[in-house]
Amino acid sequence: MSTPLPGLGELRARLDAGEVSAQELTAQAFARLDAVEPALHAFLFTRREAALAEAVESDARRARGEPRSALDGIPLALKDNIVQAGEPATCASRILEGYVSPFDATAVARLRAAGAVIVGRTNLDEFAMGSSTENSCRGPTRNPWDPERSPGGSSGGSAAAVAAGVVPLALGSDTGGSIRQPAALCGVTGMKPTYGRVSRRGLVAFASSLDQIGPFARTAADCAALLDAISGHDPRDSTSLPEPPLATSRALTGDVAGLTLGWLREAESVPGVAPGVLAHVREAVAELERAGAKLREVSLPHVPHAIAAYYLIAMAEASSNLARYDGVRYGRRASGGGSLTELYERTRAEGFGAEVKRRVLLGTYVLSAGYYDAYYRKAQQVRTLLRRDFEAAFAGCDAIVLPTTPETAFRLGEKSGDPLAMYLSDVFTVSANLAGLPGVSLPCGLDAGLPVGLQILGRPLEDATVLRIADAYQRRTDHHLARPPL
Amino acid sequence: MSARLEFETVIGLEVHVQLATRTKLFSSADVSYGDAPNHHVTEVCLALPGALPVLNGRAVELAVRAALAVGCKVQPHSVFARKHYFYPDLPKAYQISQYEEPLATGGWLEIDAAEGPRRIGITRIHMEEDAGKSLHEPGDPETQVDLNRAGVPLVEIVSEPELRSAEEAGAYLRAWRLLLRWVGASDADMEKGQLRCDANVSLRPRGETRLGTRTEIKNLNSFRFVEAAIRAEVERQAKLLRAGGKVQQATLGFDPERGRLFVMRVKENADDYRYFPDPDLVPLILSEERIEAIRRTLPELPRAREQRLQQEHALPAEDARTLASSRALADWTEAAARAHGRAQSVANWVLRDVLAALRERDAEPEAIRLTPEGFAALLRLVDAGRLTARSARSLLPELLFSGGDPEALVRERGLEAVSDAGALERAVDEALAANPKAVEAFAAGDAKSLNFLMGRVMRRTGGKADPARVRELLSEKLGGRR
Amino acid sequence: MSRISRAEVERVAHLARLRLEAAEADAMTRQLEAILGYVAQLEPVDTAGVPATAHVMELATPLRDDVPGALLPAEQAVANAPAPRGTAFTVPRVLDDEAEG
């Protein structure tokens, strides 16, 4: 019987008090991993020896009174599309079988400089394309709350690892909801920062104008600590904000008095929203009102078009970003000889899964001559309209509240036969990526035993505000303390 | 040629130029030529998963210099776009280029056409990254790929289709080469691939304004081949059209050894590059202040320098042209002229002897180590009769390429001219006395003997006597014996 | 009304260098048809005069100094290559009609 690891705050307290060593923590993480992995399949790779060695070094630093940061000695996991030097990075795709990155993602370099101990790399939908982790070439991760169900995606592995208590913290990536949605379905807290807040260098690109790396944790406070450690300008990412690293941890006052929340009117009219989900989210918002926040209704009239706009843009950018996977310089190459063209065609056909192929094809199509204006350019124009909707809404509120997902965790296989149905489950999350806004999902109760997520979206650059509201909620409630029966 | 009478040749050139930066356009790998494969690459050059581009500020500056030098409008807002195609030397399977919003538009470059100077319009100049190299060895079933060159900064310069002959195309290229080197944007060495040219060629009946179908000739890597290829293509199209045929749009290559064109690709459909703004980069914003600041660093341009040399220093047009063929040469010559005082004299020495010395070594004016003041000092020694012109010429290569103080060198080598009248006369007398046969021969009417005797006198003075003076003295003394 | 034909799908597959088996191409055509049908909802949205979003955040152009940085050693550059030869990558010999445009 293994115990799940506690959250960051408690771990730090124990480390500082000398009650536990980083070595012991790492060993506990692996013990928990070994216990739950056969059922969960959250991890694609682990690095036991290296992690333990790093934990030893952390203990030595602590013994000298020189811990590097709040994360020194803390075990965490990386989504397998965030590269680490000397470690594999497959993005759960056959086409990157055997690939070992020679460089660190900037976020990873900052975590290692902070002394964090990376224990392994988690499962995802192939190249982050999906909402269920069923598109992984290594098979799906299972939801810790119900192994017949999906943990969500694309960062399903990271969400499950935190939910199951293997690690207190994990990094994921969010392009259309890939952190927030699995956080909601797995009952953990997950955040997508303002676009440009965290360097994308070393995040294997899916849709460059939408992708962001972000934290998973048991609490908003823990997410804040992780976000603070990885955020800040990176001169090697041209889309990186010219801002210093965040200090959101210091903004968690527990106080929401004076803030106005905007309830999204369109959330109620989206088809397929489960009544149980809506009820829990409404109750969570009421709790925030009781805590002193004001509430009003806001409208984002173009939200019904968000998925269409999102998929056109994301697929177009994805088709371009994935063109480099051709078996020439790295990754898997098709065998059997043939011409160069045949090599390209067979390598990519064999290496990519069906969902990736679908998106590459559609993305190529919408960028091609004759269709660019009608599809890609049109989508970017609708994106502008949606951004204007948000600007108007934020003139009257400080944060927008809505459900993270229309329903709780769906069964594995339930949506995988219908790509469009899968896309529609992103209805509440894609808008934040289109507008570059910070957004967090946090647990707000169980519906028929499955977690429900409350989503809070903030103005651009107001990552701290979003986390503050989430943290204030978590100080007054205990939904985030619930653990799956593993 | 008969083609010119019935048809008008219409040529547009696309010139790709490597900018003279130390590092690549979007990665900090250094630019290098001729090294072993993949010794100058970073994760960005290899398009590894997670790699991102960051724009080289110096490349922007050099591109702007080139654009301003031909009077282009530099756009305050230009956009990098991805141009997609699959090829082994293109690691991302797209090239970062500029499409709908290029760096600069408009402008013109003056060339010397047959009928006189003509302005050739520049449609646009944009920035883009170079591809790597594919190496095919004969008999090898595989192609090798080297990405050292992948990502090197280029500007693509597109001319209006206003060139009317192969010779004009050559003149246009040479003018660009001079200008690019002049403003320091590129070394523009065609042999090193730093300047490449694709030519679009079409014909139309004289008087017709619509453009004919054009073919594109690619991979031309010397000025001569560009002209030869265009000439060949013009002839080919003329023949075809005269026989009632139609020119098919195609991409051609030129085999310089056989002097023949060959078809690389018949273009049926336009390539679908699926251009869109690169989401990993933000637009290139250049303020008016920044553009002006760069403009202020531009030197006086070649044509203006040429004209000024003509006017200020009263140099003939052709001499001014030659001096203005290299900024280093023009600067050095002018500085020497200022130090010396008589521009024409300095110019003559430069045009005759300095250029000869450079040619001899196959060196560029940039290789000159002698200061302009030093050169002026050397010439003043000759002016003062303290050094013979011949001695000066003998010292020139060494001084030019190693530098030094002419006065000191002359003293060191004991080359001070023999101008002492007495010493000179003694030398002449001795030579005459030592060569009675030659003296007799001269007296008998053999004029060549004078040269022989001159040689003898020069030898006695170690070549340090002024030949004119020696001849004078000899003539005097010999004349007395007739 | 068909938005994308099987022939189009094959054309696009070639542009993207993806080989599709017959059954796959059929399935893709159906699925892409459905997706395009869904995104068609954007057509009637009034976007007259609305600029396309280039970037969500307004950023001044970040520029890099022209100073050489750390290189990947050549051996490391080809370490992940399926078929290196020395420090070069290799591919099947490029045929004329595969030459880039």
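The values are calculated or read from the model by the stated rules, or taken from the named source; none is laboratory data. Source: prediction; values computed, not measured. Backbone-built Cβ (ideal geometry, glycine too); neighbour counts: all protein chains shown. With ligands, DNA and RNA removed, areas are computed over all heavy atoms of the protein, side chains included. Shrake-Rupley method; radii C 1.70, N 1.55, O 1.52, S 1.80 Å.
Using modelled amide H (1.01 Å from N, peptide plane; none on Pro or chain starts), what sits under 5 Å from the amide H of residue B:31, excluding residues fewer than 5 places away?
Here B:23, B:24 satisfy the definition.
Post the alpha-carbon centroid distance, the stretch B:435-463 to the stretch A:356-430, in whole angstrom.
Centre-to-centre (Cα) distance: 101 Å.
Given a 1.4 angstrom probe, I'd like the percentage of the accessible area of the stretch B:3-293 that is carbon and sulfur, rounded to a whole number.
Carbon with sulfur: 48 percent of the solvent-accessible area.
Which of the lysines could a cross-linker bridge to residue A:294, judged by Cα under 30 Å and excluding same-chain residues fewer than eight apart?
Here the lysines satisfying the reach criterion relative to residue A:294 are A:192.
Between 0 and 90 degrees, rounded to the nearest ten: what's the tilt of helix B:166-182 against the longest Cα principal axis of chain B?
Roughly 80 degrees between the two axes.
More than 14 angstrom separation, counting every C-alpha pair in the stretch C:1-44; what % is that?
Tail fraction, whole percent: 49.
Against the empirical 2.2 N^0.38 Å scaling, what ratio does the C-alpha Rg of chain C come to?
Normalised by 2.2 N^0.38 Å, the Cα Rg of chain C equals 1.76.
Quick one: go through the stretch A:299-334 and flag any residue whose amide nitrogen is under 16 Å from the point 7 Å out along the Cα-to-Cβ line of residue A:100.
A:330-332
Based on the Kirkwood radius over alpha-carbon pairs, what value in µm²/s does the Stokes-Einstein equation return for the translational diffusion coefficient of chain A at 37 °C and 0.692 mPa s?
148 µm²/s
Of A:282, B:308, which has the most accessible area and how do the rest follow, probe 1.4 Å?
Ranked list, largest accessible area first: A:282, B:308.
Which percent of the Cα-Cα distances in the protein assembly as shown go past 42 Å?
Here the long-distance tail beyond 42 Å is 50 percent of all Cα pairs in the protein assembly as shown.
For chain A, what does the accessible surface come to per residue with a 1.4 Å probe? Please give it in Å².
For chain A, the per-residue accessible area is 28 Å².
So how tilted is helix B:57-69 from the main axis of chain B? Cα-based, degrees 0 to 90, rounded to 10.
The angle comes out at about 70 degrees.
Could you report the accessible area of residue B:15 in Å², rounded to 10, computed with a 1.4 Å probe on the protein chains as they sit in the structure?
0 Å²
With a cut-off of at most 14 other beta carbons within 10 Å, and DSSP calling the residue loop, which trypsin sites (Lys or Arg not before Pro) in the stretch B:367-433 qualify? Please list them.
Sites meeting the loop and neighbour criteria: B:369.
Please give the Cα centre distance for the stretch A:146-209 versus the stretch A:279-332, rounded to the nearest Å.
The two parts, judged by their Cα centres, are 12 Å apart.
If I ignore ligands, DNA and RNA and count only protein heavy atoms, how much of residue B:262 is accessible to a 1.4 Å probe, in Å² to the nearest 10?
The accessible area of residue B:262 comes to roughly 100 Å².
Under a plain spin-label model, where a point goes 7 Å from the Cα along Cα-to-Cβ, how far apart in nm are residue B:115 and residue B:331?
3.8 nm
Using the Karplus curve 6.51 cos²θ - 1.76 cosθ + 1.60 with θ = phi - 60°, work out ³J(HN,Hα) for each residue of the stretch A:320-329 in order, rounded to whole Hz, and write x for Gly and Pro.
Values, residue by residue: 6, 5, 9, 5, 6, 7, 9, x, 8, 9 Hz.
Amide H to amide H under 5 Å from residue B:122: which residues, 5+ apart in sequence or cross-chain, H placed 1.01 Å off N in plane?
B:107, B:108, B:109, B:160
What is the distance, in nm, between label points placed 7 Å from the Cα along the Cα-to-Cβ direction at residue A:392 and at residue A:253?
In this crude label model, residue A:392 to residue A:253 measures out at 3.1 nm.
Could you give me the ³J(HN,Hα) list for the stretch B:24-35, computed from phi with Karplus coefficients 6.51, -1.76, 1.60 and θ = phi - 60°, whole Hz, x at Gly and Pro?
So the J values, rounded to whole Hz, are 6, 5, 10, 9, 8, 5, 7, 7, 8, 10, x, 7.
If we count GluC sites (Glu not before Pro) as exposed when they sit in a DSSP loop and have at most 12 other beta carbons within 10 Å, what is the longest stretch of chain C that avoids them all?
The segment C:59-101 is the longest one with no such site.
Rank these by accessible area, largest first, 1.4 Å probe: A:341, A:194.
The most accessible residue leads, giving A:341, A:194.
When the solvent-accessible surface of protein heavy atoms is calculated with a 1.4 angstrom probe, in what order do B:176, B:108, B:349 fall, highest first?
Listed by decreasing accessible area, they come as B:108, B:349, B:176.
Once you have a ≥ b ≥ c as the square roots of the Cα gyration tensor eigenvalues for the stretch B:17-57, tell me rounded if a/c is under 1.5, and otherwise prolate or oblate according to whether a/b is larger than b/c.
oblate
Under a plain spin-label model, where a point goes 7 Å from the Cα along Cα-to-Cβ, how far apart in nm are residue B:257 and residue B:6?
Spacing of the two 7 Å Cα→Cβ label points: 3.5 nm.
Quote to one decimal, in nm, the extra length available between residue C:57 and residue C:5 on full extension: 0.36 nm per residue of separation minus the C-alpha distance between them.
Stretched fully, the residue C:57-residue C:5 segment lengthens by 14.9 nm.
Starting from the Cα-Cα distance between residue B:298 and residue B:209, subtract it from 0.36 nm times their residue separation and give me the gain in nm to one decimal.
28.3 nm
I need two numbers for the stretch B:3-293: Rg to one decimal and Dmax as a whole number, Cα atoms only, in Å.
Both quantities, over Cα of the stretch B:3-293: 19.4, 59 Å.
Rounded to a whole number of µm²/s, how large is the Stokes-Einstein D of the stretch B:1-102 at 37 °C and 0.692 mPa s, given Rh as the Kirkwood radius over C-alpha pairs?
Translational diffusion coefficient: 198 µm²/s.
Scale the Cα Rg of the stretch A:273-337 by the rule-of-thumb value 2.2 N^0.38 Å and send over the ratio, two decimals.
It is 2.11.
Using only Cα atoms, locate the centre of the stretch B:11-85 and the centre of the stretch A:21-98, then give the distance between them in Å, rounded to an integer.
The stretch B:11-85 and the stretch A:21-98 have Cα centres separated by 39 Å.
On C-alpha positions alone, give me the angle between the axis of helix C:22-39 and the longest principal axis of chain C, in degrees, nearest 10.
The helix C:22-39 is inclined about 70 degrees to chain C.
Might you work out the accessible area of residue B:260 for me, using a 1.4 Å probe with all protein chains in place, and round it to the nearest 10 Å²?
Around 140 Å² of this residue is reachable by solvent.
Using modelled amide H (1.01 Å from N, peptide plane; none on Pro or chain starts), what sits under 5 Å from the amide H of residue A:302, excluding residues fewer than 5 places away?
Long-range HN contacts for residue A:302: none found.
Can you tell me how the stretch B:289-346 classifies by the Cα gyration tensor, rounded, prolate or oblate, using a/c under 1.5 as the rounded cut?
The shape class here is prolate.
List, in order, the whole-Hz ³J(HN,Hα) value for each residue of the stretch A:436-447 obtained from phi through the Karplus relation with A = 6.51, B = -1.76, C = 1.60 and θ = phi - 60°; use x for Gly and Pro.
Values, residue by residue: x, 8, x, x, 10, 10, 9, x, 9, x, 10, 10 Hz.
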